[in-house]
Amino acid sequence: MIDQLGREITYLRLSVTELCNLRCRYCMPEEGICQKSHFDMLTEEEMILAVKAAASLGITKLRITGGEPLVKKNILSICQHAAAVEDIKEVCLTTNGILLPQLAGSLKEAGVKRLNLSLDTLDPKKYTYITRIGSLEMFWAGFTAALKAGFEKIKINTVLIGGFNDNEIIALADLTRQYPVDVRFIELMPMYDSGDFDQGAFLPCTKVLEALPDAVPADPDGGVARLYHLPGAYGKIGLIRPVSANFCGTCNRIRLTADGKIKPCLHSPMEYSLKGMDFEGMREQLKKAIFSKPAWHGDLDAVHRSLSGRNMNQIGG
Ligand code: SAM
Ligand code: SF4
């Protein structure tokens, strides 16, 4: 479906849970979240019905996310049923990787083609600091399992945080030389109450290019990242710049939260509920959401926080 500004909406990000086995400082509060009633969350059947309704309006790409999607008990069934929806050409999944040793092979069999894994540092102490409870060793076990499972593509997502990992840009980018993976640096976004980062933490992704003078521009792949290539690398370096150079003008995505709200924009408070609806009801809500997709997300920095009213784990990053 085409929105009011001529943007063709083809990409749905489906959050299957708000819960997580980590507590990243920029994403969710230390104490976790106040668990919503089971009855307020979408059932698996509703999620699949929503995917079908979205596909009937032109969605062809689905990303399963969260919270941490792999803590959801029925994640394999969700992936399998979503991948079987007519017109859905590609199911991808974003994960912190911790549960991949148990699940990587089954996810691939369930129809997940591509995986994004989140990794902000190569230093074990800093990993535990930023995730509050995670262990880098567990991440590497998950990463190894993902490589072995043979996904079409694996990308590493790194949130660039001034004063935390800007001194690791070269080492993180070097993963593209060591493994067949892309590494994408994402600008830190000031979500609802996600951490107390000062202005120095919000670095533009151009810092990555300053640290990598031998990076050469690579052909775009249709995604939001600007791509580069390092000599001798298997994978690409991606820069995702929602803050310093927003991509709202070409945004092709909508989001569905685990509690059933369609968000036409990550940073807008606008939400359209699908909970409890049938196929036609969901289709009408989806149309309204797409039709009302804002032109851009407004300023974002330490002072101008996202107007979303939710943290990232409650939206689906
Ligand atoms: N738990 C999974 C994971 O960490 O990959 C999936 C959900 S997580 C919300 C999705 C992505 O959003 C992660 O790559 C995470 O680093 C990113 N993210 C979360 N909060 C963010 C923020 N405030 N700014 C930029 N990226 C953020
Ligand atoms: Fe969990 Fe992912 Fe948020 Fe980290 S970024 S707290 S792993 S949902």
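The values are calculated or read from the model by the stated rules, or taken from the named source; none is laboratory data. These figures come from a predicted structure and were not determined experimentally. Cβ atoms come from the backbone with ideal geometry, glycine included; neighbour counts cover every protein chain shown. In case anyone asks, the SASA skips ligands and DNA or RNA and just uses the protein heavy atoms, side chains included. Shrake-Rupley method; radii C 1.70, N 1.55, O 1.52, S 1.80 Å.
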**OP:** Along Cα→Cβ, 7 Å out, is where each label goes; now give me the distance between the ones at Asp174 and Ile2 in nm to one decimal.
**Re:** 4.9 nm
**OP:** Find the accessible area per residue for the chain; the probe is 1.4 Å, ligands and nucleic acids are left out, and the unit is Å².
**Re:** 43 Å²
**OP:** Measure off, as a whole percent, the carbon and sulfur share of the 1.4 Å-probe accessible area of the chain, all protein chains present.
**Re:** 54 percent
Original post:
Listed here are the pairs Lys126/Lys293; Lys72/Lys113; Lys108/Lys293; Lys113/Lys207; which of them are more than 27 Å apart at the Cα?
Top reply: Lys126/Lys293; Lys108/Lys293; Lys113/Lys207
Subject >> Whole-Å semi-axes of the ellipsoid equivalent to the stretch 244-315 (Cα gyration tensor, √5λ, descending) >> reply: 24, 14, 8
**OP:** Starting from the Cα gyration tensor of the stretch 193-270, multiply each eigenvalue by 5, take the square root, and state the resulting semi-axes largest first in whole Å.
**Re:** 28, 18, 11
**OP:** Would you calculate, for the chain, the mean residue ellipticity at 222 nm contributed by helices, counting each DSSP H stretch of 4 or more residues as -39,500 (n - 2.57) and dividing by all residues, to the nearest 500?
**Re:** -7500 deg cm²/dmol
Original post:
If you average the sequence gap of Cα pairs under 8 Å that are 6 or more apart and divide by the length of the stretch 183-317, what percent do you get for the contact order?
Top reply: 30 percent
Original post:
Which number do you get for Rg(Cα) / (2.2 N^0.38 Å) in the stretch 1-63?
Top reply: 1.45
Original post:
In degrees, nearest 10, range 0 to 90: what is the angle between the Cα axis of helix 44-56 and the longest Cα principal axis of the chain?
Top reply: 90 degrees
Original post:
How long is the gain from Thr128 to Ser273 if the chain were fully straight, where each residue apart is worth 0.36 nm and the alpha carbon distance is subtracted?
Top reply: 48.6 nm
Subject >> Label zone at Thr43 (point 7 Å along Cα-to-Cβ), backbone N below 11 Å, the stretch 263-281 >> reply: 276-277
Original post:
Most fluctuating residue of Val303, Val159, Val51 in a GNM of the chain with Cα springs under 10 Å: which is it?
Top reply: Val303
**OP:** Run the dipole for the chain about the Cα centre, Lys and Arg Cβ at +1, Asp and Glu Cβ at -1, nothing else charged, and hand back the magnitude in debye, nearest 20.
**Re:** 380 debye
**OP:** Relative to the longest principal axis of the C-alpha atoms of the chain, give the angle of the C-alpha long axis of helix 100-109, reported between 0 and 90° and rounded to the nearest 10°.
**Re:** 50 degrees
Original post:
Sorted from largest down, what three extents in whole angstroms do the Cα atoms of the chain have along their principal axes?
Top reply: 52, 41, 41
Subject >> Distance violations [Cα-Cα > 21 Å] among Lys61/Lys155; Lys36/Lys263; Lys52/Lys236 >> reply: Lys52/Lys236
**OP:** Report the Cys residues of the chain lacking a disulfide-compatible partner, meaning no second Cys Cβ under 4.7 Å from their Cβ.
**Re:** Cys20, Cys34, Cys79, Cys92, Cys205, Cys248, Cys251, Cys265
Original post:
Could you name the aspartates and glutamates in cross-link range of Lys125, using Cα to Cα under 18 Å and dropping any fewer than eight places away on the same chain?
Top reply: Glu30, Glu137, Asp166, Glu168
